[in-house]
Amino acid sequence: MIPLQQIWPDDMAARYRAKGYWRGETFSQLLRSRAEAQADAVAVVGMEQCWTYGELLEKAETVAAGFLALGLKPGDRVVVQLPNLPEFLSVIFGLFRAKLIPVYALPAHRSTEVVHFVTRAEASAYVVADRHEGFDYRALARAVQAEVPELRHVIVVGEAEEFAPLDAFRADPASLPTQDADPSDVAFLQISGGSTGLSKLIPRTHDDYLYSVRESADISGLEPESVYLTALPAAHNFPMSSPGYLGALYVGATVVMAPSPSPDVCFPLIAREGVTITGLVPPLALLWMQAAAKKTHDLSSLQVLLVGGAKFLPEAARRVRTELGCTLQQVFGMAEGLVNYTRLDDPETLIVETQGRPISPDDEILIVDDAGAPVAEGEPGDLLTRGPYTIRAYHNEPAANARSFTEDGFYRTGDVVRRTPEGYLVVMGRATDHINRAGEKISAEEVEDHLLAHPSVFDAAVVSAPDDYLGERICAFVIPNGAAPRGVELKAWMRKRDIADFKVPDQIVFVDDFAVTAVGKVSRRELRAALRQRILENEGKA
Ligand code: OOB
């Protein structure tokens, strides 16, 4: 087994501790101290359930004991793929209590992705719901176990069939470790958006992540009376910690779990639970504004709407205050670390036109040109960063690490930004070839690989195309091998490869060749750039 770690140079780690960023606190301690201070306050609401902090702690301890009774040992990895249920919280806090390491998969992931996470993380258990949105996760678990027999345990929230039901876990507090995790140890693994090939695993420590959670809670004005609605998938870094449900639990507030982010589901929850704050990706923010115009529900409790994950255009951002009656907070973050926020009391122009400034005074920001030299102040360039909650390496990815980090430990975000005179960042685009489809990051290379596996595909190049609703959609240029299959057939075939549905191209354009006239070899990047240009010209957007 390759050890899980995240190593900052000694002098930097010492500075982060001396400045009080890293406080030696763990996720387990966080829940325990809140439960001691306010056992009867409501911690989480969802799916007709309502648990106090005392109950959440008790359920987490039961889960912890149950996992240990299965024979799992501290440090073992557990892939968690759950929709937004209250059990999401009892499972992850149970894993933290047992010193097990959650690996967060999205509900949209299918066996291709889950097999990759299980293998890469060398996971020994997998937690799923029985069904969600018409999909049977037990069938998925069977497919994953058939491919990776080392995955010994499948735990199901709900009807377990042949697997272990979470409900049957019984607490034996005596079996729980008496010593808590080391705060500088890795607490969990996030999944990267993946600009090249398959997703990478992002190891985050208790110390570094809790610093970002604590500061985010403060920057978003969370207080014990706040009610945070988890509308986006709970496994994603944005609803987890910006300020997210962890920020809400950190200050002793209430978390509401929404099974879907649609206005139909969320508006009644906002009205019923008095939700004060939530986070959305731009396409959902647009949808909510459209639905709010119908005034079917009282949304007056909502004070703050965070929007991030993809660029929120100023024209849309400007409408939030009037149409939803709350303050917009833009957030530009990444699972690898750095998170920027507009501040609640910022002037309207900064809130609407920028993606905010970093959380920490010790977030180091470099904006550089192709040669790696800093650009003139205010000019766009590649964003590099390092700091007290930005990773120094992906788990077990020597080649990607050499590409993604500079020698002195800066993470190459792949984003092109400029900095305003106030020190706020404006996201201008990106340097890497991924598609940001409604906040989901999709690697062009990964989609091309799937297409190339089809016998009638001679070559494929995948690019992003501007889309009024999604921000970007996936457009695949395909050179057929003989007679071209129909686009719908190719899409249906891709779905059968058991991949997340959001990776299936929205548009397929069959071409005879890529019409690249340059002599010699053309890089994939140049090819994609030329094809993207072609789309822009066709749509009159060039
Ligand atoms: C969030 O995290 P990831 O890891 O799914 O994606 C990170 C990437 C960034 O590098 C950037 O390309 C893009 O998503 N992004 C934005 C953005 N927020 C993220 N691009 C433009 N404007 C924004 N506001 O997406 C994430 C993590 C924590 C908080 C919020 C978002």
Quick one: what are the phi-derived ³J(HN,Hα) couplings along segment 449-455, Karplus 6.51/-1.76/1.60 with θ = phi - 60°, whole Hz, x for glycine and proline?
4, 5, 4, 5, 6, 7, x
Multiply the residue gap between L313 and E407 by 0.36 nm, knock off their C-alpha separation, and tell me the result in nm, one decimal place.
30.4 nm
Between D362 and S523, what FRET efficiency follows from the Cβ-Cβ distance if R0 is 56 Å, with the result rounded to 0.05?
0.95
By the scheme Lys and Arg +1, Asp and Glu -1, what is the net charge of all other residues having a beta-carbon under 15 Å from that of A376?
-3
At what distance in nm do the modelled label points of E162 and D218 sit from each other, each positioned 7 Å from its Cα along Cα→Cβ?
5.3
Counting Lys and Arg as +1 and Asp and Glu as -1, what is the net charge of the other residues whose Cβ lies under 9 Å from the Cβ of G429?
+1
Relative contact order of segment 351-467 (C-alpha contacts under 8 Å, at least 6 apart) in percent is 21
Per-residue ellipticity at 222 nm for the chain, helices alone: DSSP H runs ≥ 4 residues times -39500 (n - 2.57), over residue total, nearest 500 deg cm²/dmol?
-9500 deg cm²/dmol
Listed highest first by mean packing, meaning other Cβ atoms within 10 Å per residue, what order do 531-540, 301-310, 162-171 come in?
301-310, 162-171, 531-540
Please list the non-local residues whose amide H lies under 5 Å from the amide H of A500, H modeled 1.01 Å from N, same-chain partners needing a gap of 5 or more.
R110, E113
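How large is the convex hull of the Cα atoms of segment 26-182 per residue, expressed in Å³ as a whole number?
105
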Any idea how far the Cα center of segment 442-463 sits from the one of segment 69-88, in Å?
33
Mind listing the long-range amide H neighbours of N340? Cut-off is under 5 Å, sequence gap 5 or more, other chains count too, H placed in the peptide plane at 1.01 Å from N.
F332, G333
What share of the DSSP beta bridges in the chain is antiparallel, in percent to the nearest 5?
55
For a protection proxy built on the mean count of beta-carbon atoms within 10 angstrom, sort 19-29, 431-441 highest first, please.
431-441, 19-29
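Quick one: what do you get for segment 398-519 if you divide its Cα Rg by 2.2 N^0.38 Å?
Details: Rg = 17.3 Å, N = 122, 2.2 N^0.38 = 13.7 Å.
Rg over 2.2 N^0.38 Å, computed on Cα atoms: 1.27.
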Given the pairs K311/K503; K503/K541; K59/K441, which are separated by over 27 angstrom at their Cα positions?
K59/K441
Can you list the residues, at least 5 places off or on another chain, whose amide H is less than 5 Å from the amide H of A187, using H built in the peptide plane?
R204, T205, H206
Could you give me the ³J(HN,Hα) list for segment 435-445, computed from phi with Karplus coefficients 6.51, -1.76, 1.60 and θ = phi - 60°, whole Hz, x at Gly and Pro?
9, 9, 9, 6, x, 7, 9, 10, 6, 4, 4
Nearby lysines by direct alpha-carbon distance to K19 (threshold 21 angstrom, same-chain neighbours under 8 apart not counted):
none
Share of antiparallel DSSP beta bridges in segment 272-354, in percent to the nearest 5?
30
Counting DSSP beta bridges with both partners in segment 306-362, what percentage is antiparallel, nearest 5?
65
Just to check I understand the Karplus step: with θ = phi - 60° and J = 6.51 cos²θ - 1.76 cosθ + 1.60, what whole-Hz values come out for segment 370-386, glycine and proline as x?
4, 8, x, 8, x, 7, 5, 3, x, 8, x, x, 6, 8, 10, 8, 8
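What does the highest-first list of 365-373, 76-84, 477-485 look like by mean Cβ count within 10 Å?
Values: 365-373: 13.6, 76-84: 25.1, 477-485: 16.6.
Peptide ranking by packing, descending: 76-84, 477-485, 365-373.
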The chain - percent relative contact order, Cα under 8 Å, separation 6 or more:
12
With the Cα gyration tensor of the chain in hand, give its eigenvalues times 5 under a square root as the equivalent ellipsoid semi-axes, listed largest first in whole angstrom.
35, 28, 25
Across every pair of different alpha-carbon atoms, what Kirkwood hydrodynamic radius in Å does segment 217-432 reach?
18.0
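Computed from the coordinates by the stated procedures, all read-outs in this text should not be read as laboratory data. Keep in mind the model is a prediction, meaning the values are calculated, not measured. Note that we place each Cβ from the backbone using ideal geometry, even for glycine, and neighbour counts take in every protein chain shown.
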